Amino acid sequence: MMWVIDASVALKWFLEEETHPHADAVLRRLIDQPGSFAIPELFCFEVFSVLARVHPRGQEVFLTGVMPLVNGGLLRQAMTDTLAQHAAGFVGLGLTGYDACYAALALELQGCWLTFDEKAHRTIAGKGVSCNLSVGLPGDWQ
């Protein structure tokens, strides 16, 4: 199974007031099994943007904390025609364009999008491509 990491998960690794045990579990698994994880390229832009805005050392944290994880063996997926077509379907269901790219990547990889965005997950829950980490870890992680 491929796991698509949402920016909301990564931010919990680096923002003290946002920590969450389910995000920590994702990080541990990412470190142990990087080849089982993927991100759309927009992940880096989203995480950098938030860290630069709210973390006192945002750029440093991004370069020393996020980039080693991103460069550590996970799949970094650029936008493709097919990904855009799948994302458009999720936009039609009510996701933002950004969230739709995560869901579309999970769909393409026959994986699961790991997110703390409860509204986005609820919007596409019937599609079986997302896991709301606010509620729990994926069933087979227990």
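The values are calculated or read from the model by the stated rules, or taken from the named source; none is laboratory data. Because the structure is a prediction, the values reported are computed rather than measured. Using ideal geometry, Cβ is built from the backbone for each residue, glycine included, and neighbour counts are taken over all protein chains shown.
General remarks:
- Options 125, 100: the member that is within 12 Å of the chain's Cα centre (by Cα) and hydrophobic (A, V, I, L, M, F, W, C): 100
- Checked against the criterion of being on the phi < 0 side of the Ramachandran plot and either part of a strand (DSSP E or B) or surrounded by 19 or more Cβ atoms within 10 Å (Cβ to Cβ) (or both), the candidates 44, 101 yield just one match: 101.
- Just one residue in the set 38, 52, 10 is modelled with pLDDT of 95 or more and under 15 Å from residue 103 (Cβ atoms); that residue is 38.
- Positions within the stretch 5-36 being buried (at least 17 other Cβ atoms within 10 Å of the Cβ) and outside any helix (DSSP H, G or I), in sequence order: 5, 6
- Within this structure, residue 84 fails the test of being crowded, with 17+ Cβ neighbours inside 10 Å, assigned to a helix (DSSP H, G or I), without any contact (Cβ under 8 Å) to a residue 60 or more places away in the chain and not β-branched (Val, Ile, Thr).
- Members of the stretch 51-70 that are part of a helix (DSSP H, G or I), touching a residue at least 12 places away in the same chain (Cβ under 8 Å) and touching a Leu at 6+ places or on another chain (Cβ under 8 Å): 51, 54, 61, 62, 66, 69
- Residue tally, condition free of Cβ contacts under 8 Å to residues at least 40 places away in the same chain, farther than 15 Å from residue 9 by Cα and either in a helix (DSSP H, G or I) or in contact with a strand residue (DSSP E or B) (Cβ under 7 Å, 6 or more places away or on another chain) (or both), over the stretch 120-142: 8
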